[in-house]
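J.: The structure's right below; bear with me while I get my questions together.
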Amino acid sequence: MRGLLNKAFTPRMIDNLRNRIQTLVDEILEGVQGKGLMDIMADLAIPLPGVVISDMLGVPEEDRPQFKKWSDVIFVGLTESDSTGTQAQRFAISQKSFSELSDYFRGVVERLRGHPQDNLLSAVVEAEEAGDKLTQEELFANCVLLMFTGQETTTNLIGNGTLALLQDPKQMQMLQNDGELIGSTMEELLRFDSPVQKFGRVATADIEIGGKTIKAGELVFLCFGSANRDPEQFSNPDQLDIMRSDNRHVAFAHGIHYCLGASLARLEGQITLGSLLERMPDFRM
Ligand code: HEM
């Protein structure tokens with residue numbers, strides 16, 4: 001399944017998105033620039049990744065408000081961050097949204113079958129038609145997966161990243177003086193305040209790690225945020241250093257579940273931060 005999705009994340013596909021992301025960021029910044037102030041989260045970090053992933057999944061603009069509602073409801077059902085009702089009640093509500101969303105994707109997929117478009121979902125549909133094994137349910141489940149993985153993560157990168165730079169004016173000035181540093185800056189922001197702090201794993205067999213035995217069936221959390229501040233791996237780990245070399249962070253995890261959207265996330269982050277600093281050289285908190 002991963003191989004199938006990966007086909008849709010080709011470098012060409014990502015590169016095609018470059019202009020689209022730049023246009024979106026320019027539009028947002030033009031909209032706020034005259035006002036002299038903005039809310040980074042509400043104006044930029046939250047809407048941008050949502051529009052990008054909607055584009056990739058072929059969700060037209062007029063359907064986006066409903067799409068966002070479904071995804072918010074499902075998100076609340078899947079996490080325990082909301083305190084209204086019991087978890088079972090929340091889950092039931094989110095199940096309803098999930099099936100409505102699946103029906104919605106069913107319609108999108110049917111439309112794409114006759115008229116392929118240059119987007120991720122269309123590529124997945126084509127791959128499926130070419131004989132790769134993916135049931136309809138798996139196809140919809142993957143749409144929902146992408147919808148989540150692509151949004152809050154990138155929102156966090158833009159929000160936390162901007163904050164980290166604003167809190168360290170010396171580093172921000174260095175980046176403003178030399179735009180070429182945007183690549184290493186992005187890696188350092190991913191390390192310094194990792195957008196995904198932790199993720200669960202269930203051991204499939206007994207295993208010993210660092211002198212501790214984890215039994216088959218036990219849940220463990222991989223704390224990416226902590227690993228990215230490991231003093232054995234990074235010198236001066238609590239210091240933001242946009243020129244850090246050999247920055248082997250694990251913000252996108254490692255191994256077989258390495259983030260499929262890493263290059264897209266990097267692109268969104270680079271274009272957003274680069275454009276902010278270029279257009280607003282006096283940008284401050
Ligand atoms: C800064 C932004 C992002 C960060 C920090 C991030 C981080 C991660 C991490 C840590 C994992 C591994 C989870 C695990 O260990 O099980 C992961 C998996 C994944 N990510 Fe991302 N992600 C980001 C953006 C995106 C975007 C934009 C997309 C797609 C549009 C995406 C799609 C995925 C998918 C499909 C997986 C599952 C891969 C698998 O289980 O094989 N991510 N991501």
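J.: Might you check whether a residue that is of a type in the set (Val, Ile, Thr) and over 30 Å from residue 112 (Cα atoms) occurs anywhere in the range 134-150?
T.: Among the residues of the range 134-150, not one is of a type in the set (Val, Ile, Thr) and over 30 Å from residue 112 (Cα atoms), which makes the answer no.
J.: On the basis of being at pLDDT 95 or above and touching a helix residue (DSSP H, G or I) at 6+ places or on another chain (Cβ under 7 Å), does residue 185 make the cut?
T.: Yes: the conditions hold for residue 185.
J.: Which one of 277, 222, 273 is within 14 Å of the ligand (Cβ to nearest atom), modelled with pLDDT under 95 and surrounded by 15 or more Cβ atoms within 10 Å (Cβ to Cβ)?
T.: 222
J.: Restricting to the range 21-69, and then to whatever is aliphatic (A, V, I, L, M) and either part of a loop (DSSP other than H, G, I, E, B) or on the phi > 0 side of the Ramachandran plot (or both), can you tell me which residue is nearest to the chain's Cα centre (by Cα)?
T.: 46
J.: Identify, please: which residue in the range 123-139 is of a type in the set (Val, Ile, Thr) and either closer than 15 Å to residue 57 by Cα or in contact with a Cys (Cβ under 7 Å, 6 or more places away or on another chain) (or both) and is, among those, surrounded by the fewest Cβ atoms within 10 Å (Cβ to Cβ)?
T.: 125
J.: Sort out for me the strands (runs of 3 or more DSSP E) sitting completely within the range 172-285 that have 1 or more residues that are under 27 Å from residue 5 (Cα atoms) and in contact (Cβ under 8 Å) with a residue 40 or more places away in the chain.
T.: Correct list: 199-202.
J.: Hey, any hits in the range 140-148 for a residue that's among the small types (Gly, Ala, Ser), part of a helix (DSSP H, G or I) and buried (at least 19 other Cβ atoms within 10 Å of the Cβ)?
T.: No; the residues of the range 140-148 include none that is among the small types (Gly, Ala, Ser), part of a helix (DSSP H, G or I) and buried (at least 19 other Cβ atoms within 10 Å of the Cβ).
J.: Could you tell me whether any residue of the range 250-259 is more than 9 Å from the ligand (Cβ to nearest atom) and surrounded by 15 or more Cβ atoms within 10 Å (Cβ to Cβ)?
T.: no
Residues checked against (1) within 16 Å of the ligand (Cβ to nearest atom); (2) outside any helix (DSSP H, G or I); (3) at negative phi; (4) not basic (Lys, Arg):
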| residue | (1), (2), (3), (4) |
| --- | --- |
| 90 | no, no, yes, no |
| 95 | no, no, yes, yes |
| 98 | no, no, yes, yes |
| 103 | no, no, yes, yes |
| 110 | no, no, yes, yes |
| 113 | no, no, yes, no |
| 117 | no, yes, yes, yes |
| 124 | yes, no, yes, yes |
| 134 | yes, yes, yes, yes |
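The values are calculated or read from the model by the stated rules, or taken from the named source; none is laboratory data. Source: prediction; values computed, not measured. All Cβ positions, glycine included, derive from the backbone under ideal geometry; neighbour counts span all protein chains shown.
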